[in-house]
1. Within the stretch 296-344, work out how many residues are within 18 Å of Q161 (Cα to Cα) and part of a strand (DSSP E or B).
2. Counting only residues that are in contact (Cβ under 8 Å) with a residue 40 or more places away in the chain and part of a loop (DSSP other than H, G, I, E, B), which one in the stretch 280-295 is surrounded by the most Cβ atoms within 10 Å (Cβ to Cβ)?
3. Quick one: is A175 touching a Ser or Thr at 6+ places or on another chain (Cβ under 7 Å) and more than 16 Å from the ligand (Cβ to nearest atom)?
4. Might you let me know whether the stretch 342-359 holds any residue that is of a type in the set (D, E) and farther than 14 Å from K274 by Cβ?
5. For the stretch 115-128, state whether one or more residues are closer than 17 Å to A196 by Cβ, surrounded by fewer than 17 Cβ atoms within 10 Å (Cβ to Cβ) and touching a strand residue (DSSP E or B) at 6+ places or on another chain (Cβ under 7 Å).
6. Anything in the stretch 183-198 that is out of contact with any helix residue (DSSP H, G or I) (no Cβ under 6 Å at 6 or more places or on another chain) and more than 10 Å from the ligand (Cβ to nearest atom)? List them, or say none.
7. Name the one entry in A114, A124 that is farther than 30 Å from V345 by Cβ, more than 16 Å from the ligand (Cβ to nearest atom) and touching a helix residue (DSSP H, G or I) at 6+ places or on another chain (Cβ under 8 Å).
8. What's the total number of residues in the stretch 7-44 that are outside any helix (DSSP H, G or I) and under 28 Å from G327 (Cα atoms)?
Amino acid sequence: MNSTITRAFNFNAGPSALPLEVLEKAQQELINYNNAGMSIMEMSHRSKDYDEVHNEAIARLRSLYTIPENYEVLFLQGGASLQFTMVPMNFLKEDQTASYVLTGSWSEKALKEALLFGKTAEAASTKENKYRNIPTLNEIRFNQSDAYVHITSNNTIYGTQWKEFPTTGEVPLVADMSSDILSKPVDISKFGIIYAGAQKNLGPSGVTVVIIRKDLLEKANKNIPTMLKYSTHADSNSLYNTPPTFGIYMLGEVLKWVEAQGGLEGIAKNNEEKAKLIYDVIDQSNGFYRGHAETSSRSLMNITFRVTDEELEKQFLIEAKEAGFVGLNGHRSVGGCRASTYNAVPVEACQALANFMIEFQKKHQ
Ligand SMILES: Cc1ncc(COP(=O)(O)O)c(C=O)c1O
C-alpha cells in the first residue's frame, strides 16, 4: 500500500469507497494490461485477455456465494433502476399479480415500474412507520399464483436491512440487493432473482449484477425487446453486445480483495464491527444522536441518524466536513445524517467517525 497517499474518510452512499489495494492494482495495470501494450479498456471484448477477466469475475462471484449450478450470473447495464423495469417486463404476465414489500423509496420506485406492466399488490409496507423497520416475516402477504414477490434487502436511504428473508415456496423471491450485496453470506437458493448496481460494494458504477434461476428464463415473456430479455444475456454469457469491460475488470479485482478478507464470512465480521462502533456512540449518547431505524432493523451498511436539534445537526455536518469526513449528509429526500459503511470503508475510518461524534457531543452538549 502506498502510505504517502491521503485518502478521505469516505462515507458516500454510492458511488462509494473502493479498496485502496484494488485502485492501486488498476493504476499499475492501466497502461499495460498483462503485457498487451494497452489497458483493458482499449482491447476487444472478444479478446483472450478480456475473456479471462470476464469469466474469472463470474467464477469468483459464483464461488464466494456458492451460487448453485441452476443459476446464471449476468453482467448488465442500466443500473438497478433498469432492473425495476426488466423484472416485470420479463415476468409479470397479464393475468398475474406481482407483490411488492415496501420498505423505502427504492421499493416504491420498483413498484411504480411494475404498474406499467400489470397488476401489483403490496405484500407489506412500513411507510406509516416512516420506513423505520422491516416487516416481520409473518406480516408479508402474497398468493401462490403471484408472478413474484419483490423485496429491497437493504434500504440505502432509511438505513434498514432484512436480517432474514421470507420463504416464498413456488413464487420467485426477487431482491434488489444493490446496497448490501457481497456484505455477508446469503443462501442464494431462496431467491429467483437477485440484482444489484455495482457502485456500492462491487465496483464502479456501470455494471449491474443479476443472479437469476435458470428455469425462470424459459418462463419469461417473449414479446419484448432483445436487449431487455434476460435470456439474451444468459445465452451469450453477457457478451451479446459490448459489456462495460473496465467495470467488470474492477469487479473482478474487488472480488479477489473480498477473498483476501476471508470471503463473505470475513467481510460480514468486519462490517458488524464497523457498524457497531458507530451505533454504540448513538446508543450511549443519551439521545444526543437518534438513530432513524428501529434497533432490530438496523442496516450494517447505511447508518442513519439525527443530531438532537436542527441547528446542531447543521453544525455537525459542517464540522465533520472540516475534519475530513465525506458523504455524511442524509439522502436529499429525508435529510439528517447517514454514514455508509460499505465493505471497502476501513475500520479506522469508522473508529475516527465514532471518536469525532463523541468529541462533538462533549463540545456541544
Ligand atoms: C437499494 C437501491 N436500489 C436501487 C438503486 C438505484 O440504483 P442505480 O442508480 O444503479 O439505478 C439504489 C441507488 O442508490 C439503491 O440504493
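1. The qualifying residues number 9.
2. H292
3. Details: touching a Ser or Thr at 6+ places or on another chain (Cβ under 7 Å): yes; more than 16 Å from the ligand (Cβ to nearest atom): no.
No; evaluated as a whole, the condition is false for this residue.
4. So far as the stretch 342-359 goes, yes, one or more of its residues are of a type in the set (D, E) and farther than 14 Å from K274 by Cβ.
5. No, every residue in the stretch 115-128 fails to be closer than 17 Å to A196 by Cβ, surrounded by fewer than 17 Cβ atoms within 10 Å (Cβ to Cβ) and touching a strand residue (DSSP E or B) at 6+ places or on another chain (Cβ under 7 Å).
6. V186, D187, S189, K190, F191, I193, I194
7. On the way: A114 fails: more than 16 Å from the ligand (Cβ to nearest atom).
Only one candidate passes the filter, namely A124.
8. So the count comes out to 14.
The values are calculated or read from the model by the stated rules, or taken from the named source; none is laboratory data. What you are looking at is a predicted structure, and each value in this text was computed from that prediction instead of being measured. Positions of Cβ are generated from backbone atoms using ideal geometry, with glycine treated the same way; all protein chains shown enter the neighbour counts.
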